[in-house]
Ligand code: ADP
């Protein structure tokens, strides 16, 4: 059976930090499903359709990556897809507590689904979708932090 790993998140928008995690995962697992979970309280800048498009474009040369969206609980989604791996990125110690809380709850809900963490490349450890949006909003330079298609999309949003 193919080993499918789910990379869940908001991806509002996808950054080079996300891509770093996806790329590392794609080298280890047979398939990576990047899934936009639409059930968080966060208000998003990009619509789900825009985010899907940006993720697809930004990951198209990786090969074994698919993109999907879900309103369900991550664990239910994973069970339906017969995926037993969730892949998350860790940037700094500040991510740890939040990730531990989610992982512990997910493990309680489904013991057979394992969460794997990948430490990001140091050059992206300060990078988040929020900070990129903040800088782009004031026309700051975000080159190299996001794929070019995302850079263009952010410029259009904040034009
Ligand atoms: P969420 O709302 O679930 O935090 P995000 O889209 O912000 O969704 O992040 C999705 C995943 O990508 C999380 O595991 C997060 O830790 C990881 N991630 C976000 N930014 C980076 C980065 N710069 N480097 C590595 N991982 C990252």
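The numbers here are math on the coordinates, done by the rules we state, and not lab data. This is a predicted model, so every value here is computed, not measured. A quick note on method: Cβ atoms are made from the backbone with ideal geometry, for glycine too, and the neighbour counts reach across all protein chains shown.
Within the span defined as the range 53-68, every residue fails to be surrounded by fewer than 12 Cβ atoms within 10 Å (Cβ to Cβ) and either within 23 Å of residue 134 (Cβ to Cβ) or touching a strand residue (DSSP E or B) at 6+ places or on another chain (Cβ under 8 Å) (or both).
When restricted to residues that are assigned to a loop (DSSP other than H, G, I, E, B) and over 19 Å from residue 22 (Cβ atoms), the range 76-91 contains 1.
Applying the criterion of being within 16 Å of the ligand (Cβ to nearest atom) and free of Cβ contacts under 8 Å to residues at least 40 places away in the same chain to the residues of the range 77-94, the residue that is surrounded by the fewest Cβ atoms within 10 Å (Cβ to Cβ) is 93. Any idea which residue in the range 103-129 is nearest to residue 81 (Cα to Cα), counting only those that are assigned to a helix (DSSP H, G or I) and near the ligand (Cβ under 8 Å from one of its atoms)? Checking each candidate, the answer is 129.
I need the full set of residues from the range 6-31 which are outside any helix (DSSP H, G or I), within 21 Å of residue 113 (Cα to Cα), touching a strand residue (DSSP E or B) at 6+ places or on another chain (Cβ under 6 Å) and within 12 Å of the ligand (Cβ to nearest atom), in order please. Of everything in the range 6-31, those that are outside any helix (DSSP H, G or I), within 21 Å of residue 113 (Cα to Cα), touching a strand residue (DSSP E or B) at 6+ places or on another chain (Cβ under 6 Å) and within 12 Å of the ligand (Cβ to nearest atom) turn out to be 6, 7, 8. Pairing residues of the range 39-61 that are without any contact (Cβ under 8 Å) to a residue 60 or more places away in the chain with residues that are surrounded by fewer than 18 Cβ atoms within 10 Å (Cβ to Cβ) and outside any loop (DSSP other than H, G, I, E, B), at Cβ distances under 7 Å and at least 6 apart in sequence or on separate chains, gives 48/69; 52/69.
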